[in-house]
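Taken together, the values in this text are just the output of simple stated rules run on the coordinates, not laboratory data. Source: prediction; values computed, not measured. Neighbour counts run over all protein chains shown; Cβ positions are idealised from the backbone, glycine included.
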Amino acid sequence: MEKEIKDILNENRILKKENQMLKNEIAKLKQEASHSQSGIESKSEGFYNTYEVQENSKNQNIIVDDNFTSKVNKYSTPGEKVKLYSSLFKGRTDVYAEKFIHTKTGKVGYAPKKRPYWERTDDRPYEPYTLDTIQDHLRGKIVTGIFPLKNEDNCFFLAIDLDGREWRKDTSAIREVCNEFGLPVYVERSQSGNGAHCWFFFETEVKASLARKMGTELINQTMMKRHELDFASYDRMFPNQDTVPKGGLGNLIALPLQKQARKTGNSLFIDENFTPYEDQWEYLAAISKITADQLFKTIERLTENDSSLNLGKKGYMNSLNKSDFPKCVHLTLNSMVSIQKKGISSRALSYLKWTAAFYNPEFYQLQAMRRSTYRVQRVITCHEESQTHIMLPRGLYEKITNMLSDLNIEIKVIDERSKGNKLDVSFTGNLRKDQTEAVERMLKHNTGVLCGTTAFGKTVAALNIIAEKKVNTLILVNKVSLANQWRKRIAQFLKNEESDEESISTGQLGGGKKNLTNKLDVALLQSLYRNKEVHDCVSKYGMIIVDECHHISAFSFEKVLKNANAKFVYGLTATPKRKDGHHPIIHMQCGDIRYQNDARKVAEERPFAHVLIPRFTPFDPYIDLNSDLQTIYSRLVTNDQRNRMVVEDCVSNVKEGRNGLILTERIEHLDIIKEMLKKEISNVYILSGSQGKKKNDAVMQELETLKEDDPFVIISTGKYIGEGFDDSRLDTLLIAMPFSYKGRLQQYAGRLHRLREGKTEVRIYDYVDIHVPLLERMYRKRLRGYGGMGYEVAENTLSNHRQLIYSGDNYYKPLVKDMINSSDEVIISSPILSEKQVTNIKEDIGNIHSKVSLVTNTSNLTTKEEQRMSDTIIGTLLQKGIKIIESETVSQCFIVIDQSIIWYGSIELFGKQYKNRSFMRIESTILANEVLKIVGRVNRG
C-alpha cells in the first residue's frame, strides 16, 4: 500500500511538471501570434508586453546564472527579455531594494523590500530578487535597486556613477580610456537624466576587490585625460567596498530600463552622442563580458601604463616633465597658492590636485573591520578650483615651486599675503640649545611645524619667533586653559621695546573675552568660526601661530586657516600624527615639520627616571567576547576589584609623598574613585568639564595654595587635562581606563615631564586587562608608545631591578637566554605561526631542556594552503618535543618561564617579526599566575 501511494505522488508531480511546460508553450505561442498580428511594435511596447506569471515554486522563480546567450531583440518574448536581463544584472538573490518617497520630506530613497511580517524569519527577512521582480520593474509597477556585493565578497558587474553638470564630458573621457585599453563599457543615462552609469559585466563572479581595483585604475587613467573628474568618483563605484559589511548588505544601484523613466528618455543605454539605442534589447544581447583572465590583464595594463604614474603615491610628481607646463607658470600667494591653469596639461593638473589629497585611513579601517563605508570618503582632498585657477593649501608652496624649478620652468609669483604691522617686542628669556636650533630652523621658512615633546618649551620658542619676526601675531588655541597659559608666558617672556616698564597688552577672543588689539592676540578657534562664517580678524595679522596644531584637521578649524592670509604661519604640537590619519592636513595648512626632537633621547636627558609599572588585572575573564567597547567600559567603571587596585596604588604613592593624576574617560568613574580615595587620604580633587568653569577655577586655586609637602591627587578625564594642563608637581600617572592611541599616551605622560627641583622619578601605572582581548590589544599598542618615550619597566617600585622595554630587533638573545636557563617549564603564546620564523629559531628552541608548550590560534586559517602550512609548522615543532595547544580564542603574545618570568607584549615568537613591536620582561610570580589563567581557560575549552 505504501509503495502504491509513493507511485501515485510521483506520477502527480510528473503531470504537474508537464502541465506547466504546456502552459509555458501556450504563452509563447500567444505572444508570437500577437507579434504577427500587430506587426512591428512601438518602442514603448517593445520593452514589456503581456507576460503571464508562471505558477512556479518560489525556488524556481529565483534567478540563477544559466549563461543565457540567445539572440534577443525588441521582438523577442517577454520571457526571453527577462532571461537576458537576469543574466546581466546579477547580484544578491535573497534581497532587493525598492524606491520610495518619504511622506514628510518628499525625499526619494531606496530600502530593502521586506517580506510580510507573518512570513519573515531571522534568516529570510527580505523578499528575494526574482524573475517576478524584474518583470514588475520593467512594467513600471516598482522601481528596483540591486545589491551587487554577494556574501562571498564577489560581484558580477562593476558600475561607476557619474553626475553633476559635466557628466557628459566625464562619461566621454571614461569611454575614451576604455577604448584605449580595449575594455567593454556600456553607458546608461540615469533615471534622473542628470548623470550616467558606466557598466562593466563579468563572465563569472569575481572578487569585488579586483573589480574595484580595475575601477580605481580606470578613474586614475581618466583623470590623466580630464583633471576635472571629481575625486568623489572613487566613492561612486558599485559595489562601493571590497567586503560585505557585518549585518549589512552593501550599497545598491538602481536597475536600468525602468518604465516610468524610459518615458522621459532616461534609464536607457546611450551611444557616444548620448542618444538612446533604438533597440535596447538587441544592444544588451550583444554585450561582451569580461573574463577573469581579461580582468587581471586589464588591471596590470592600467597599473603599469606610464601615463598613470601612480596617482596619489609617494614620488609620483617625479614623473612629470617640462612639456606638461608652459614656459612660465603664474602663482598668486594669499590664503592659498593659486596656480593659473592656462597651458598646464590635464595630467599635470591632476598631479597638482593630488598634492592636496590623501587616501582616507578611516575608509580602509572600516572596510577591514567589515563595517559600512557609507558616506565615508575614500579620498580626502583640500584643493579648490575655478575656471582659470587651481588653489592649493599654503603648505604646498615649497613642494610646487621646487618641482617647477627642477623642470627649469619659470615661475612668476604675485604675493598678496598680509605682511601685517610692526610689533615692537623683545624676548627676555634664555633658550636652551635645542630650543635655539628649533627656532633657527623655523625662521628659515614662512611656514612650518615645530614638533616637540611635552615640556620641550614650544610656547617659549614660539615667543622668541614672535620677537624675531616683529609682526602682529594671532595665536590660535582650542582651550581656554591654553589661552590663559599663553597670556602668562607672554607677560613673562616678552616686553615692549618702546618702554622697559610697560608690559605687552595681549588681547583675547573667546572664553568670555572679546578684546582683540590687532597686535598680539590669543583666540579660541571655536570663536573664530560661527554660523559657518570665519571672523574677519584673521586677515589682519602678519603671523599666525597654531598651538596644538594637530587639531587643525577639524573642518571648522581648517576653515579658519583657509581664510587667513598671513605671510607667516607656524604650528606647534607634540603629536604630529592623528589617530584618524588626517595629519596631512596639518602640513597642508601649517607646512612641513621643520624641527622634531627624539622622545627617547629627551627622556635620557631629563634629570629623573621614567618608570612603567604594569598591573595585570583580573577584570571579567569571562566577559562576552562579542561585547562592544562601550559595554566593556561600562562594566569596567563599576568593577570594584579593578577600582580597588587603582586606589591602592594611588594611596601607596601618596604615602610616599608623591602627587598623582588619575585619568579616565567616564564622569561616573571620577566620582566612584574619589569616594573610594576619600576614605584613605585627603587632598583629592576632580577636574572635569562637566562640573563647570567656576568649580574648576576654585579647584585650581586650592591646588595652588597647598604647601610644598602636602601631597595631592587629581582625578580627571583625558579630554579635559590631556592638553594645556601644567603643574610640575605631578610625578605619578594612573591610567584607569584603557585606550590604544600612542598620541594620547604621549599627551598624558607629558603631564609628568615638567621639570621641578627634587623630582627624581616619574611613574606610570598602567592597568592591563589581559583577560579581555580587545583591551589587551590596546595595551600592546600603548606598550610600543612607552618604549618610544624611554620608559623602563619596574616589577616593584621598591626594587632596583628594572628592564628597558625590548623592541623587535633586540629582544631575541635575552629571551633565548632566559628560556635556556629555565628549570621547569616554558609556555609560549604565539597566536599566528610563520614557517620562516620557526625555521630560523627551531635550533635555539631545541636547546631548551625544560618542558615547552605552545599556545596558538587556528581559527583564522581560511584556505587549504594556510592549513597545510600550519600542519607543517606544527609537525616541525612536535618533532622538537614541543606540546601544542590549539585555541580559537587566544590572541595574547607572551612567554612564561618557570611561572616567575614573563615576557609580554606584541611580539609573536613563532610569528612574523616586526621591528616596531615590543616585549617587556617582568619577574613576578603573581603576574605569571594571572597570565597563565589564559592558558588554563584554553585547556578547559
DSSP beta bridges in segment 425-597 [antiparallel fraction, %, rounded to 5]: 25 percent
Measure of compaction for segment 769-924 (Cα Rg per 2.2 N^0.38 Å): 1.03
Rounded to 5, percent antiparallel among DSSP beta bridges of the chain: 50 percent
Rg followed by Dmax, in Å, when segment 602-803 is reduced to its Cα trace: 16.3, 49
Counting DSSP beta bridges with both ends in segment 820-927, the antiparallel % (nearest 5): 60 percent
Additional length obtainable on full extension of the chain from residue 168 to residue 286, 0.36 nm per residue less Cα span: 40.1 nm
Normalised contact order of segment 152-257, rounded percent, pairs of Cα under 8 Å and 6 or more residues apart: 37 percent
Of 540/562; 207/263; 880/912; 213/353, pairs whose Cα-Cα distance is over 25 Å: 207/263
Distribution of pairwise C-alpha distances over segment 695-784, 10 Å bins, in %: 14, 44, 30, 11, 1
Radius ratio Rg over Rh of segment 83-225, counting only Cα atoms, Kirkwood formula for Rh: 1.01
Segment 101-166: trypsin sites (Lys or Arg not before Pro) in DSSP loop, at most 14 other beta carbons within 10 Å: 104, 107, 120, 141, 165
Whole-number percent relative contact order across segment 314-415, with pairs defined as alpha carbons under 8 Å at least 6 apart: 40 percent
Per-pair calculated FRET efficiency, R0 = 22 Å: residue 850 and residue 879 via Cβ, rounded to 0.05: 0.80
Where N is the number of residues in segment 314-415, Cα Rg divided by 2.2 N^0.38 Å: 1.24
Rounded to 10°, Cα long-axis angle of helix 433-443 versus longest principal axis of the chain: 50 degrees
Centroid-to-centroid separation of segment 838-902 and segment 652-696 [C-alpha atoms, Å]: 45 Å
Set of aspartates and glutamates near residue 422 by C-alpha distance (under 13 Å), chain-local residues within fewer than 8 positions excluded: 468, 497, 498
Percentage relative contact order, the chain, counting C-alpha pairs under 8 Å, at least six apart: 7 percent
Dipole of segment 396-517, positive direction: furthest Cα of 507, 484, 450, with charges on the beta-carbon: 484
Angle between the chain longest axis and helix 2-38 axis [Cα atoms, degrees, rounded to 10]: 80 degrees
C-alpha long axis of helix 640-655 to longest principal axis of the chain, angle in °: 20 degrees
Distance in nm between pseudo-label sites at residue 843 and residue 505 (7 Å out along the Cβ direction from Cα): 8.0 nm
Dmax and Rg, reported as Rg then Dmax, of the chain (C-alpha, Å): 34.1, 120
At most 10 other Cβ within 10 Å, DSSP loop - trypsin sites (Lys or Arg not before Pro), segment 840-941: 915
Likely footprinting exposure, 896, 569, 108, fewest C-beta neighbours within 10 Å first: 108, 896, 569
Alpha carbon Rg of segment 425-597, scaled by the compact-globule rule 2.2 N^0.38 Å: 0.96
Among 581-590, 325-334, the order from most to least packed when residues are scored by Cβ within 10 Å on average: 581-590, 325-334
Mean ellipticity per residue at 222 nm, deg cm²/dmol - from DSSP H runs of n ≥ 4 across the chain, formula -39500 (n - 2.57): -11000 deg cm²/dmol
